[in-house]
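**Q** Just passing along the structure, written as structure tokens.
What follows is calculated from the coordinates using simple rules that are stated; it is not laboratory data. Keep in mind that this is a model prediction, so the values were computed, not measured. Here the Cβ positions follow ideal geometry from the backbone for every residue, glycine too, while neighbour counts run over all protein chains shown.
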Amino acid sequence: MKKLLIGFIVATVVFIMLMYWSLSSTDKNNKRSELINIENVNSINFKDYDSVMVAATTLYDADEVKILMQGEHYRDVWAAPIKVPVLFLDTLFGGATIIKEGGGKQTHSLKLKANNGIMYTLRSINKDPQALVPEFAKTLGLENIIVDGISAQHPYGALLAAKLSETLEVLHTHPKVVFLPKQKLLKDFNTKFGNRMFLLEYETESDVNWTDYRDIITIVETEGLQELKLEFGENLSIDKQGLIRLRLFDFLIGDWDRHSKQWGWAVQKKANEYLAIPIAGDRDNAFFDTDGIIPSILSNENVVPKLRPFEDDIDYIEGLVYPFDRYFLLNSPESLFVNEALHIQKVLTDDVIDQALLVWPKNIIELNGEEIATKIKSRRDKLLKYARALKQEVDNQGELDQPLKGSEDLNLPSHVMQCFECEMKN
């Protein structure tokens, strides 16, 4: 027993030493996009360029100890240079103006309005996770665990997710990678947003219809849809088939972060009836790849149950079920889940998945395209099992007893707060 105790103490000390060694490899929390073959960015007239070679960041470069403790992740992808078009606001879709600064806890973003009336957003590819770092982590010098954890995100995962979405005929925000140089129209935003890579995509809230659907009266986020529910009552329903297809697609691509603020809805009017068609936004965590000792501990179902790694199989489906699912899909027929799983399996063939990878530059495909495609195919083959498990878990958890994320200030009546079709059911 004494030997076991000594062994445990030694192992603990070694673990702590290796952990702090790995954390001390960098004291930086953020690092901008890095232009290739351009030494002095301030002397360049980017109007002379239609594109540039740029790497997302080398912030996540790591030695062997860091890789052991914090994982390999997508470090090589973040540091790989790719050719990116240069974007100027004065020529974007005939001219675009900044409406306001947005962004969540990690992403810096600018909301834009083009001359065609459509709303767009520029979402930073580089993340700033400072808002996610708890005080105790800063005190103990563990801040880099969270900062470095961004390397588990694929910087261009949204592009592949969008390409596969097109095959499945589900709505997405059409993200494109762009380089935004400093420019007059950025004004006070030049310091924070100038000379950086972004995803340019449609906003999930718009008065102008940017989808291919006809008779769309508005595009709203989830809290806006709930307000419309108060106005239209039973005349407003959601496209459950489309939502289930998208949620199963989330499982397929390993996107574990799908709370209610990640969604938009295109509201279609037909006579006196309204149908809300779901739009998947924010694909930052698609293909989220965790390895290494520390991330493996954190992603354990008993530690952070919603932090699910992108592996060949889903080992804890309960962690992927959100209040959002219960709100919109409670008591839905199992046949809908089964039919959508079978549809996805039929449409996303091996060839379709392999061809979708071509949305990435060749050097990015070579780094981990084959591995990602293999995992997608493995999950696709098990999708029927996931579909039934999703249905069961949603119904087991039942109606909500608190508002959805983002809807806390709406002061909704109980029948609208608990589930979207509670009024119909009652």
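**Q** Helices from the chain with mean Kyte-Doolittle at least -0.5 and a Cα length along the axis of 30 Å or more, per DSSP H: which?
**A** Details: long enough: 2-23 (31 Å, 1.85).
Counting only whole DSSP H runs, the qualifying helices are 2-23.
**Q** Can you tell me which lysines have their Cα less than 16 Å from the Cα of LYS377? Leave out same-chain residues fewer than eight positions away.
**A** LYS163, LYS346, LYS385
**Q** Please report the projected area of the stretch 115-245's Cα convex hull averaged over all directions, in nm².
**A** That works out to 12.0 nm².
**Q** Also, I was wondering about something else. Using +1 on the beta carbon of Lys and Arg, -1 on that of Asp and Glu, and nothing else charged, what's the dipole of the stretch 2-425 about the Cα centre, debye to 20?
**A** That gives a dipole near 620 debye.
**Q** Same structure, new question: Can you give the extra length, in nm with one decimal, that the chain gains between LYS176 and GLN241 once fully stretched, where that is 0.36 nm per residue apart less the Cα-Cα distance? Don't skip to the answer; put the middle values down first.
**A** Working: separation 65, 0.36 × 65 = 23.40 nm, distance 2.73 nm.
Using 0.36 nm per residue and subtracting the Cα-Cα distance, I get 20.7 nm.
**Q** Sort 40-51, 271-282, 226-237 by packing, meaning the average of other beta carbons within 10 Å per residue, with the highest value first. Don't jump to the answer; show the numbers that get you there.
**A** On the way: 40-51: 10.7, 271-282: 19.5, 226-237: 15.3.
Answer by packing, highest mean first, reads 271-282, 226-237, 40-51.
**Q** Average the reciprocal distances over every distinct pair of alpha-carbons in the stretch 159-209, invert the result, and give the Kirkwood radius in Å.
**A** On the way: mean 1/r = 0.0773 Å⁻¹.
Value: 12.9 Å, from the Cα pair sum.
**Q** Another question, if that's okay. Please work out the C-alpha center-to-center distance from the stretch 292-318 to the stretch 367-426 and express it in whole Å.
**A** Their Cα centres are 18 Å away from one another.
**Q** Right, here's the next one. Going through the stretch 35-96, which GluC sites (Glu not before Pro) have at most 13 other Cβ atoms within 10 Å and a DSSP loop state?
**A** Working: sites: GLU39, GLU64, GLU72; in loops: GLU39, GLU72.
For GluC sites (Glu not before Pro) across the stretch 35-96 that sit outside H, G, I, E and B with at most 13 neighbouring Cβ atoms in 10 Å, the list reads GLU39.
**Q** Are any of the pairs LYS2/LYS66; LYS229/LYS270; LYS83/LYS192; LYS261/LYS306 more than 20 Å apart by Cα-Cα distance, and if so, which?
**A** Values: LYS2/LYS66 32 Å; LYS229/LYS270 16 Å; LYS83/LYS192 22 Å; LYS261/LYS306 16 Å.
The answer is LYS2/LYS66; LYS83/LYS192.
**Q** Based only on Cα atoms, what mean projected area does the convex hull of the stretch 363-426 have, in nm²?
**A** Details: hull surface 30.0 nm².
Across all orientations, the stretch 363-426 yields a mean hull projection of 7.5 nm².
**Q** To one decimal place, what Kirkwood hydrodynamic radius in Å is obtained for the stretch 174-270 from all pairs of distinct Cα atoms?
**A** Values: mean 1/r = 0.0621 Å⁻¹.
Evaluated on the stretch 174-270, it is 16.1 Å.
**Q** Order 201-209, 173-181, 146-154, 313-321 from most to least packed using the mean count of other Cβ atoms within 10 Å.
**A** Numbers: 201-209: 19.2, 173-181: 20.9, 146-154: 24.6, 313-321: 16.3.
Ranking the peptides 201-209, 173-181, 146-154, 313-321 by packing returns 146-154, 173-181, 201-209, 313-321.
**Q** Straight-line reach from LYS100: which aspartates and glutamates fall under 15 Å, measuring Cα to Cα and dropping same-chain residues less than 8 apart?
**A** Cross-link targets: ASP188, GLU203, GLU205.
**Q** Roughly what would the spin-label model give for SER378 and LYS111, points 7 Å off Cα along C-beta, in nm?
**A** Each label point is offset 7 Å from its Cα along the Cβ direction, giving 4.1 nm.
**Q** Around SER206, with a cut-off of 13 angstrom between Cβ atoms, what is the net charge of the other residues, counting Lys and Arg +1 and Asp and Glu -1?
**A** Values: positive: LYS111, LYS113; negative: GLU201, GLU203, GLU205, ASP207, GLU221.
Net local charge, SER206 excluded: -3.
**Q** Now for a different question. What full-extension length gain, to one decimal in nm, is calculated for LYS100 and LYS187 as 0.36 nm per residue of separation minus the Cα-Cα distance?
**A** Working: separation 87, 0.36 × 87 = 31.32 nm, distance 1.23 nm.
Extra length from LYS100 to LYS187 when fully extended: 30.1 nm.
**Q** Average the reciprocal distances over every distinct pair of alpha-carbons in the chain, invert the result, and give the Kirkwood radius in Å. Working shown, then result.
**A** On the way: mean 1/r = 0.0433 Å⁻¹.
Hydrodynamic radius (Kirkwood, Cα pairs) of the chain is 23.1 Å.
**Q** Kindly write out, for the stretch 61-69 in residue order, the coupling ³J(HN,Hα) from the Karplus curve 6.51 cos²θ - 1.76 cosθ + 1.60 (θ = phi - 60°), rounded to whole Hz, with x marking Gly and Pro.
**A** 4, 9, 8, 5, 5, 5, 5, 4, 7
**Q** Taking the Cβ-Cβ separation of VAL65 and ILE297 as r and a Förster radius of 22 Å, what is the calculated FRET efficiency to the nearest 0.05?
**A** Values: r = 16 Å, r/R0 = 0.75.
So, using R0 = 22 Å, E works out to roughly 0.85.
**Q** What spacing in nm lies between the two simple spin-label points modelled at GLU39 and LYS138, each 7 Å away from Cα in the Cβ direction?
**A** That separation, rounded to one decimal, is 3.9 nm.
**Q** Would you please state which residues of the stretch 221-252 a label at LYS385 would reach in this model, taking the label point 7 Å out along Cα→Cβ and a backbone N cut-off of under 16 Å?
**A** 251-252
**Q** Turning to a different aspect of this structure: Apply the Karplus parameterisation 6.51 cos²θ - 1.76 cosθ + 1.60, with θ equal to phi minus 60°, to every residue of the stretch 194-205 and state each ³J(HN,Hα) to the nearest whole Hz, in sequence, with x for glycine and proline.
**A** With the stated coefficients, the stretch 194-205 comes to x, 6, 9, 8, 9, 9, 9, 8, 5, 6, 8, 8 Hz.
**Q** How high is the FRET efficiency between SER335 and LEU230 when r is their beta carbon distance and R₀ equals 30 Å, given to the nearest 0.05? Please report the intermediate quantities before stating the final value.
**A** Numbers: r = 30 Å, r/R0 = 1.01.
Result of the calculation: an efficiency of 0.50.
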